[in-house]
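The values are calculated or read from the model by the stated rules, or taken from the named source; none is laboratory data. Predicted, not measured: the structure shown is a model, and the values here were computed from it. Positions of Cβ are generated from backbone atoms using ideal geometry, with glycine treated the same way; all protein chains shown enter the neighbour counts. Keep in mind that these areas ignore ligands, DNA and RNA; they rest on the heavy atoms of the full protein, side chains included. Shrake-Rupley method; radii C 1.70, N 1.55, O 1.52, S 1.80 Å.
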Amino acid sequence: MRLVFAGTPEVAVPALDALIASDQHEVVAVVTRPDAPAGRGRRLVASPVAERAEEAGIEVLKPAKPGDEDFLARLREIAPDCCPVVAYGALLPKAALGVPEKGWVNLHFSLLPAWRGAAPVQHAVLAGDEVTGASTFQIERGLDSGPVYGVLTEEVRPTDTSGDLLTRLAFAGAGLLVATMDGIQDGTLHAVPQSSEGISLAPKIEVEDAKADWSAPALRVDRLVRGCAPAPGAWTVFRGERLKLMSVASAGPDADLHLAPGEIAATKKAVYVGTGSHAVQLLWVQPQGKKPMQGADWARGVRIEAGELMGE
């Protein structure tokens with residue numbers, strides 16, 4: 001099939017590579033978000049998908065909105081058979097959905113209908129899911145509600161961050177997307193409507209959502225830190241300034257630590273914070289305006305005083 005691939009961030013690149021490598025299909029163009037400012041200089045930078053497509057000599061389309069008439073006219077000229085999508089980042093209008101004969105097929109990183117929305121992997125970690133996965137489905141006007149072509153499952157490991165899990169799903173999902181394209185092409189694969197039960201939503205995790213609640217159990221604090229890594233990053237407040245929480249570990253209910261929620265205790269080799277259940281150890285933190293550092297090194301530098309608290 002002639003394909004137009006839509007995607008933007010690094011997580012979409014494995015799928016693009018897999019489709020380029022397929023001998024059953026031809027990626028004739030790529031649709032991605034416009035160049036965006038990045039780095040300290042805030043210079044405009046092309047998306048990872050755009051960079052990869054340019055390296056491969058593939059036409060790159062960067063509409064400000066996928067409903068722009070210039071973009072739609074070019075899409076009609078290209079006349080793709082199907083448009084596979086991975087983390088494109090913009091809603092597709094009805095006019096665009098009707099262009100490819102076999103529609104737009106999205107690779108979504110959850111087991112639909114669970115975790116429909118922008119942040120399915122983060123929400124799976126935050127919720128403590130033991131298993132998640134990826135799904136390919138036909139895009140329609142609803143939010144991730146279209147019929148499903150195929151799924152794969154992936155174990156959520158106890159120490160997984162969202163970044164760890166998403167990386168594994170990106171590579172495994174690339175194979176699923178190629179297999180879906182193959183099945184659509186030869187007519188052996190047909191989409192099945194999603195169940196009306198088990199629907200859950202995964203909206204974008206905002207910075208304020210990533211604030212640690214020290215009155216919550218240690219397990220929930222750990223999930224917050226892992227679920228918000230690498231972005232937006234869990235955080236707390238210490239002496240009026242934000243402190244990013246990069247990695248924590250449960251001290252265990254049997255540890256000889258009796259700390260109130262938010263109370264800090266430091267030894268020569270470790271620093272602990274009380275929660276609603278038992279304490280957690282701060283393994284890695286990042287003070288405002290500084291580089292990441294081990295929790296014990298941070299504690300020595302700030303000289304924790306007895307009875308000091310995390311939080312506002």
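Among the candidates Glu69, Glu10, Glu54, Glu77, single out the residue that is within 17 Å of Ala174 (Cβ to Cβ) and acidic (Asp, Glu). It would help to see each step written out before you state the result.
Working: Glu69 fails: within 17 Å of Ala174 (Cβ to Cβ); Glu54 fails: within 17 Å of Ala174 (Cβ to Cβ); Glu77 fails: within 17 Å of Ala174 (Cβ to Cβ).
Of the residues listed, the single one that is within 17 Å of Ala174 (Cβ to Cβ) and acidic (Asp, Glu) is Glu10.
When restricted to residues that are among the β-branched types (Val, Ile, Thr) and outside any loop (DSSP other than H, G, I, E, B), segment 183-210 contains 3. Just wondering, is there one or more residues in segment 255-265 that are assigned to a strand (DSSP E or B), of a type in the set (A, V, I, L, M), more than 29 Å from Gly163 (Cα to Cα) and touching a Phe, Trp or Tyr at 6+ places or on another chain (Cβ under 8 Å)? Checked against the condition, which is being assigned to a strand (DSSP E or B), of a type in the set (A, V, I, L, M), more than 29 Å from Gly163 (Cα to Cα) and touching a Phe, Trp or Tyr at 6+ places or on another chain (Cβ under 8 Å), segment 255-265 yields at least one hit.
Of all residues in segment 249-271, none are within 22 Å of Val121 (Cβ to Cβ), in contact (Cβ under 8 Å) with a residue 12 or more places away in the chain and in contact with a Pro (Cβ under 8 Å, 6 or more places away or on another chain). Filtering segment 202-257 to residues that are touching a helix residue (DSSP H, G or I) at 6+ places or on another chain (Cβ under 6 Å) and modelled with pLDDT under 95 leaves only Ser250.
Could you list, in sequence order, the residues of segment 211-254 that are part of a loop (DSSP other than H, G, I, E, B) and of a type in the set (Gly, Ala, Ser)? It would help to see each step written out before you state the result.
Narrowing segment 211-254 to residues part of a loop (DSSP other than H, G, I, E, B): 212-217, 228-233, 239-240, 251-254.
Ala212, Ser215, Ala216, Ala229, Ala231, Gly233, Gly240, Ala251, Gly252 - these are the residues of segment 211-254 that are part of a loop (DSSP other than H, G, I, E, B) and of a type in the set (Gly, Ala, Ser).
Can you confirm whether Arg239 is touching a residue at least 60 places away in the same chain (Cβ under 8 Å), loosely packed, with under 14 Cβ neighbours inside 10 Å and at positive phi?
So Arg239 fits the description; yes.
Residues that are among the charged types (D, E, K, R) and surrounded by 15 or more Cβ atoms within 10 Å (Cβ to Cβ) were ranked within segment 183-215; the one that is farthest from the chain's Cα centre (by Cα) is Asp213.
Cβ-Cβ contacts under 6 Å between residues 6 or more apart (or on different chains), taken from a first residue in segment 282-307 that is open to solvent by 40 Å² or more (accessible area, probe 1.4 Å) to a second residue that is assigned to a loop (DSSP other than H, G, I, E, B), are listed as Trp284/Pro292; Gln286/Pro292.
Among the listed residues Asp81, Asp70, which satisfies the condition of being surrounded by fewer than 17 Cβ atoms within 10 Å (Cβ to Cβ) and either at pLDDT 95 or above or not aromatic (Phe, Trp, Tyr) (or both)?
Answer to the selection: Asp70.
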